1. What FRET efficiency would be calculated for the residue pair B:GLU20, B:SER177, taking the C-beta separation as r and a Förster radius of 30 Å, to the nearest 0.05?
2. Subtracting the Cα-Cα distance from 0.36 nm times the residue separation, let me have the gained length for B:VAL265 to B:PHE311 in nm, one decimal.
3. Considering only protein heavy atoms and a 1.4 Å probe, what is the carbon-and-sulfur percentage of the accessible area of the range B:75-122?
4. Heavy-atom accessible area of A:TYR98 with all protein chains present, probe 1.4 Å, nearest 10 Å²?
5. Taking chain B as a Gaussian network, Cα atoms linked when under 10 Å apart, which of B:VAL265, B:VAL221, B:VAL112 shows the biggest mean-square fluctuation?
6. Give the separation of the Cα centroids, the range B:7-53 to the range A:128-178, in Å.
7. Taking A:LYS63 as the anchor, which aspartates and glutamates have their alpha carbon closer than 12 Å to its alpha carbon, excluding any fewer than eight residues away along the same chain?
8. Full-extension gain between B:ALA64 and B:SER13, please, as 0.36 nm times their residue separation minus the C-alpha to C-alpha distance.
Amino acid sequence: MNESNVYLQDLSRGIIKENPVFRLLLGMCPVLGVTAFLINGLGMGIAATAVLVASNVVISALKNFIPNQVRIPCFIVVIATFVTIIEMVLQAFQPVLYEALGVFVPLIVVNCVILGRAEAFASRKPLFRSLIDGIGVGIGFTLALGLLALVREVAGQGTIMGPDPDSAIHLFGAGFEPMGLFGQPAGAFIALGLLLGIVNVLFKRFKIQ
Amino acid sequence: MIIIEEKLVVSSSPHMRSVESIQSVMTDVLIALFPAALMAVLLFGYRALITMVISIITAMLIEAVWRRKRDLFSDGSAAVTGLLLALTLPAAVPWWLVVVGSASAIIIGKQVFGGIGYNIFNPALVGRAILVVSWGGHMAGDIWPSPQPFAFGIDVSTVTGATALAAPEIAMTFSFSELFIGNIPGSLGETSALALLIGGIWLVYKGHIDYRIPGGFIATVFVLGAAFGGGFYGNQLMTGLFHVVAGGVVIAAIYMATDFVTTPVTPLGRLIFGIGCGLITMLIRLWGTLPEGVTFAILIMNAATPIIDNFTIPRQFGGVNKSA
């Protein structure tokens, strides 16, 4: 196997075969919590991706200096550092998104996707591969959040690009009465379950293992 | 020497056979629901008929498409689900709401779990719960049209009000015979306790439902209503009776809490199930924010069914207690 092939696999694995949401069911808390609107879902995905890439790189660089017995606390410290940075950046430049995401931004610290990649990949593999892996998993996470948020916003609100009324595009006209269920947490579970079912059917159909 | 005239057939089990099939049982349930459906049309006019037809056809179509079967009626369970859902809807709901409710009852309530026999929750009530959560404005509040007996052409959506359960003052405007016969605002099929009881007696006579579930359910509602209902309608006992005949307790106790798939199979478990349904219903009615709690009571008890079954396994005849 040549060099570029390995990197390509690292990238695509996180998006398709080991998609953190649809295949591994990791990081469900923000997936269910912030996907009522597309913008919130994508914002959350991008914030988590930034933390994931940065922490993957740093942990991979430090892997020879981290004692095995205390590796989890070390990972958490690295991740928490980047989460704090992201939180401050969001607060400064995207206050509306920061308000909408609320407690889920600090909760990125305990997101299993990020800790899982640190433990399973970054702490064992070379730096550049960890970087690619972080980008791939981040894209997969963001895509999944965006897809779920798109379904929930279209069905539950009848809009795209809400909740801000200036940017919101109403898809079905004024007479449309949205299905309020999908705007609520219970609807998040149902929508996620249906999407998981569809993804599983597609994987079986195209024989992706 | 004894000569055996008839030859003895030696075969493996099962030895007891029945002519009953899922289809025949479901047809019996449809027959049992006929009086309630007839009362709905008599009271709420042609809109009730349209709602029921849309709901049943949607349910059967979705089921047939999902299972890739040409047979529309098939085992009849989809028709029962569709009719039960329609009977829990207000008379003036728009047609698309019925379609969405019926489709989600079949898809989310039943088929995603693997179809008939595998669903955890009562499909009709899943459909209703989804509608209540999604379009509360169409499903609850002052949207219940007053019935117009034998006036089939009248547009039912003109005069609307709250159901008898909303407040004691509203309850007092209906006489007890009106509540029993069903001449009150409410869901299509829930208002007439009389028609529902006729169908219920037929089902018990045919042996399709166990009296323990409706019995436990209705008795619990009566006792709690008498004890904590507030004592309007003259005295405590009448308040208890009011809580039984008003709202959806009768239809739920006879037709929904006795669903074969989602309720316990042991006799004691069925009694516990019925009592639990009555308890949660009255908790929601008396101390909750919603006027009616039958839907969520049965759904919650559906979730508890495996636990109830697990703890009420009867001792085998001739068996011994396992020493702990």
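The values are calculated or read from the model by the stated rules, or taken from the named source; none is laboratory data. Remember, it's a predicted structure, so these values are computed and weren't measured experimentally. Glycine also receives a Cβ, built like all others from the backbone with ideal geometry; neighbour counts cover every protein chain displayed. Note: accessible area is taken over every heavy atom of the protein model, side chains too, but ligands, DNA and RNA are not part of it. Shrake-Rupley method; radii C 1.70, N 1.55, O 1.52, S 1.80 Å.
1. On the way: r = 37 Å, r/R0 = 1.24.
About 0.20, to the nearest 0.05.
2. Values: separation 46, 0.36 × 46 = 16.56 nm, distance 1.15 nm.
In short, 15.4 nm is gained.
3. Working: 930 of 1260 Å².
The value for the range B:75-122 is 74 percent carbon and sulfur by accessible area.
4. Per-residue accessible area (A:TYR98): approximately 40 Å².
5. Its mean-square fluctuation being the largest, the pick is B:VAL112.
6. Here the answer is 45 Å between Cα centres.
7. Result set, ordered by chain and number: A:GLU119.
8. Working: separation 51, 0.36 × 51 = 18.36 nm, distance 3.27 nm.
Using 0.36 nm per residue and subtracting the Cα-Cα distance, I get 15.1 nm.
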